[in-house]
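**Student:** First the structure, which I've put down as structure tokens, then a few questions once you've had a look.
The values are calculated or read from the model by the stated rules, or taken from the named source; none is laboratory data. Bear in mind that the values here come from a model prediction, so they are computed numbers and not experimental data. Positions of Cβ are backbone-derived with ideal geometry, glycine not excepted, and every protein chain shown enters the neighbour counts.
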Amino acid sequence: MKQKIAILCSGGDVSGMNPALKRFVEYAYARDLQPYFVHNGFEGLIDNNITPADYHDVAGIITRGGTKIGSARSKRFMEESFRAVAADNLKSRGIDRLIVLGGDGSFRGMERFYAETGIAFCGIPSTIDNDINGTDYCLGVDTALGVIKNAIDQIRDTASSFRRAFVIETMGRNCGYLALVSAITSGAEVCLIPEIPININDYKGCFQSQISKGRDYFIAIVSEALQNSAEISLWFEKELGIESRVSVLGHIQRGGNPSVYDRLMAYRFVTYAIDALLEGKSHSVICYTKSHFTFKTIDEVALHPYKIDEELLTLGREQFAPSHCQM
Ligand code: F6P
């Protein structure tokens, strides 16, 4: 009888989940395991939506964003009685190892599940927000940054043609990582994120001077965390007299053809996760820090909030400080 292993996706989907599913099936068979898919996250665990996985299931999915097996945010899994149902559904099939692609909330849920049931798991950090403490990289971030880059480059075409200010809002929940990296790499004039407090009024004199010398459009990248895109847009109109538009990029940031980097990271994360579970690691998260994979406890990952790397923040502060604005 083969040993069994399952995989599920939890929380916001990311491009990279499908490449991870493909590697999961192929490497499970290579390690003589029977792979299973749990559909629609922890909801599928509770609803017994668990199916054996085959090579055919993952054929051709490496190019697709999202996740073929669905994802969900499950409130029910927070309740012990539903976790007991979920455990029965796994145990009745002889599945005692689980890989979870998700965020720190999902890993916290799995930690409880492991304590109650002994079902081992390995978490793979997966969120476009890149906001999980203990890992430098979360699956899906590179693809999301690519989508944002393309969107900003295209918006620049119309911004320059129409001499407008564009306030472009990126996702990230409470974290400014996507906005910061995108602003630095797209040549934006403004970057507003919670981690670098800036008063937009402090740009006024410099931007007026730039306008007098011929600048006729602006790109401002604003994190959704600040919830002030409309306000910033109004500021450009009122204070600088330049027509302005808000463009909320929204859920396009979660989709798209997975980048090479995300395909490679999916492959590596899953390989390490399966190896770790076979070696007896029972409740850890695989993190990628300083170009190395390490296994961390749930507390190391979920007890502290994520902080953007200080070096990156320093670059952002230097680039976008109103005092550094070139008249
Ligand atoms: O966590 C990923 C994320 O896309 C965040 O950036 C965003 O705030 C949130 O999910 C959106 O959630 P929903 O898909 O429920 O609208």
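**Student:** Looking at (1) buried (at least 24 other Cβ atoms within 10 Å of the Cβ); (2) on the phi > 0 side of the Ramachandran plot, can you tell me which one ARG163 breaks?
**Tutor:** Unmet for ARG163, out of (1) buried (at least 24 other Cβ atoms within 10 Å of the Cβ); (2) on the phi > 0 side of the Ramachandran plot: (1).
**Student:** Failed condition for GLY94, given (1) surrounded by fewer than 24 Cβ atoms within 10 Å (Cβ to Cβ); (2) away from the ligand (no atom under 12 Å from the Cβ); (3) of a type outside the set (Lys, Arg); (4) within 30 Å of SER291 (Cβ to Cβ), with all others met?
**Tutor:** (4)
**Student:** On to the next question. When the residues of segment 136-155 are narrowed to those that are under 12 Å from the mean Cα position of the chain (by Cα) and of a type outside the set (D, E, K, R), which ends up farthest from VAL270 (Cα to Cα)?
**Tutor:** By that ranking, first place goes to LEU145.
**Student:** Tell me which strands (runs of 3 or more DSSP E) are completely within segment 243-327 and hold 1 or more residues being free of Cβ contacts under 8 Å to residues at least 60 places away in the same chain, or say none if there are none.
**Tutor:** Result: 292-296.
**Student:** How many residues are among the charged types (D, E, K, R) and farther than 24 Å from HIS304 by Cβ if we restrict to segment 115-141?
**Tutor:** 1
**Student:** Out of everything in segment 100-126 that is out of contact with any helix residue (DSSP H, G or I) (no Cβ under 8 Å at 6 or more places or on another chain) and part of a loop (DSSP other than H, G, I, E, B), what residue ends up being farthest from the ligand (Cβ to nearest atom)?
**Tutor:** For segment 100-126, the residue satisfying everything is GLY118.
**Student:** Within segment 111-156, which residues are within 21 Å of ASN89 (Cβ to Cβ), of a type in the set (Val, Ile, Thr) and touching a Phe, Trp or Tyr at 6+ places or on another chain (Cβ under 7 Å)?
**Tutor:** Answer for segment 111-156, where residues must be within 21 Å of ASN89 (Cβ to Cβ), of a type in the set (Val, Ile, Thr) and touching a Phe, Trp or Tyr at 6+ places or on another chain (Cβ under 7 Å): just ILE119.
**Student:** Within segment 107-146, track down each residue that is surrounded by fewer than 24 Cβ atoms within 10 Å (Cβ to Cβ), aliphatic (A, V, I, L, M) and in contact with a Leu (Cβ under 9 Å, 6 or more places away or on another chain).
**Tutor:** Passing the criteria: ILE119, ALA120, LEU145.
**Student:** Please determine whether any residue of segment 184-200 is away from the ligand (no atom under 16 Å from the Cβ), crowded, with 21+ Cβ neighbours inside 10 Å, assigned to a helix (DSSP H, G or I) and modelled with pLDDT of 95 or more.
**Tutor:** no
**Student:** Given (1) more than 22 Å from LEU8 (Cβ to Cβ); (2) at pLDDT 95 or above; (3) not assigned by TED's automatic domain parsing to the domain that holds LYS149, identify the lone condition not met by LEU303.
**Tutor:** (2) is the only condition that LEU303 fails.
**Student:** Looking at GLY250, GLY176, which is the one that is at pLDDT 95 or above, buried (at least 19 other Cβ atoms within 10 Å of the Cβ), within 16 Å of the ligand (Cβ to nearest atom) and among the small types (Gly, Ala, Ser)?
**Tutor:** Checking each option against the conditions leaves just GLY176.
**Student:** Looking only at segment 130-145, decide whether some residue is away from the ligand (no atom under 16 Å from the Cβ) and outside the structural domain of GLY102 (by TED's automatic domain parsing).
**Tutor:** Looking through segment 130-145, none of the residues is away from the ligand (no atom under 16 Å from the Cβ) and outside the structural domain of GLY102 (by TED's automatic domain parsing).
**Student:** Taking segment 229-240 on its own, how many of its residues are without any contact (Cβ under 8 Å) to a residue 60 or more places away in the chain and under 13 Å from CYS191 (Cβ atoms)?
**Tutor:** 0
So that you can scan it fast, the table gives a plain yes or no per residue for (1) surrounded by fewer than 14 Cβ atoms within 10 Å (Cβ to Cβ); (2) not basic (Lys, Arg):
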{"residue": "MET265", "(1), (2)": "no, yes"}
{"residue": "ALA273", "(1), (2)": "no, yes"}
{"residue": "LYS290", "(1), (2)": "yes, no"}
{"residue": "PHE295", "(1), (2)": "no, yes"}
{"residue": "ASP299", "(1), (2)": "yes, yes"}
{"residue": "GLU310", "(1), (2)": "yes, yes"}
